[in-house]
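Asker: A single structure is presented below for examination.
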Amino acid sequence: MINQAVILAGGKGKRLFPLTKNLPKPMAPVNGIPFLSYLIQDLKKVGFKKILILIGYKSDVIQKYFNKTFYKNLKISFFFSPVKSDTGRRVIDAYKFLDNEFMLLYGDNYWRPNRTKMYNKFKNFNASITTTVFNNKNGTAEYGKSNNIYLSGKSRVIKYDKTRKQKKLNGVDIGFFIVKKDFLKIFFKNNINYSFENHILDKAIKLKKLYAHRTDKQYYSITNIKMLKKFEKIVKKKNLKYLRNDRIL
């Protein structure tokens, strides 16, 4: 079973400006609580023991907050990369701190994972990477009815299209990847500023090693101010409480 979750939290979050002028995007406040706190609490609830946060932009804000925060039975650590580093570069640079198999997630998407079910699928597929794909049957994804993934009937990812223009696309990639650490060795040959989406996932698709955990369970994003406000309403509606008694300041 996987015990480590790795969170991408180093980007500038330009679409959340001016809120992110002094804050990294994952620390955007949701009803007074940093968005990242909701992610970490959920990861703890579903059984993760270790969390590695890949920091960059305004990294001191994340470190100061969580260095003052103690979660019982949960180890939180950090790895810094320059702000210019893309998502894939951040993961590769942190290689020696990664477990042999780990979950990787974006720091701006909220969705509660089923750790056991997802890991079982990862092993059954014999995948190098699995991603979580929202089926988007009702057009409730971040960009409405627009999808960016084309899956085969057996859940192998055939195409990942960030332009969302192809007609056969049948789902939305929301992250929550399970990654086999050894697969990243392919990218050791040079110091390219790799994108996880454009380079690493593309390579896994070409090698027929990228599969999907499909879900109808709604996810939420804080990509821009409008979506952040929407998530605030969801938090209140679903009564997603941050357990302050699990935190010692």
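Asker: Using only the Cα atoms of segment 95-146, each taken as one equal point scatterer with no solvent, compute I(q) by the Debye sum, divide by I(0), and report log10 of the ratio at q = 0.17, 0.19, 0.20 Å⁻¹.
Answerer: For the requested q values the scattering log ratios are -0.71, -0.85, -0.91.
Asker: Can you give the Rg/Rh ratio of segment 48-97, where Rg is from the C-alpha atoms and Rh is the Kirkwood radius?
Answerer: 0.99
Asker: Determine the gain in length on full extension of the stretch Asn114-Ser146; use 0.36 nm per residue of separation and subtract their C-alpha separation, reporting nm with one decimal.
Answerer: 9.0 nm
Asker: So for the chain, considering every pair of alpha-carbon atoms, how many percent are separated by more than 28 Å?
Answerer: 29
Asker: For segment 128-168, what is the accessible area per residue in Å², given a 1.4 Å probe and the full set of protein chains?
Answerer: Roughly 58 Å² per residue, with all protein chains present.
Asker: Shifting gears a bit: Please work out the Cα center distance from segment 158-203 to segment 1-67, rounded to the nearest Å.
Answerer: 22
Asker: Within the accessible area of the chain, what % is carbon and sulfur when the probe is 1.4 Å and the other protein chains stay in place?
Answerer: Of the solvent-accessible surface of the chain, carbon and sulfur hold 49 percent.
Asker: Which of the chymotrypsin sites (Phe, Trp or Tyr not before Pro) found in segment 1-101 are loop residues per DSSP with 13 or fewer other Cβ atoms within 10 Å of their Cβ?
Answerer: Answer in residue order: Phe70.
Asker: Given the options Asn138, Asn120, Asn148, which has the most mean-square fluctuation in a GNM of the chain, springs set between C-alpha atoms less than 10 angstrom apart?
Answerer: Of Asn138, Asn120, Asn148, the most mobile in the Gaussian network model is Asn138.
Asker: For Asp202 and Lys84, what does the FRET efficiency come to when R0 = 22 Å and r is the distance between their Cβ atoms, rounded to the nearest 0.05?
Answerer: 0.60
Asker: Let me ask you something else. Mean shadow of segment 40-177, computed from the convex hull of its alpha carbons, in nm²?
Answerer: 9.6
Asker: Which value, in Å³ per residue, describes the convex hull spanned by the Cα atoms of segment 189-231?
Answerer: So the per-residue hull volume is 111 Å³.
Asker: Per DSSP H run of n ≥ 4, the term is -39500 (n - 2.57); total these for the chain, divide by its residue number, and report the mean residue ellipticity at 222 nm rounded to 500 deg cm²/dmol.
Answerer: Taking each H run of at least 4 residues, the total per residue is -7000 deg cm²/dmol.
Asker: Please compute, over every Cα-Cα pair in segment 124-249, the percentage with a separation greater than 25 angstrom.
Answerer: Across segment 124-249, Cα pairs with separations above 25 Å total 37 percent.
The values are calculated or read from the model by the stated rules, or taken from the named source; none is laboratory data. Just so it is clear, the structure is predicted and the values come from calculations on it, not from any experiment. Methodologically, a virtual Cβ is constructed for each residue, glycine included, from the backbone with ideal geometry; neighbour enumeration extends over all protein chains shown. Quick note on the areas: whole protein, heavy atoms, side chains included, nothing else; ligands and nucleic acids left out. Shrake-Rupley method; radii C 1.70, N 1.55, O 1.52, S 1.80 Å.
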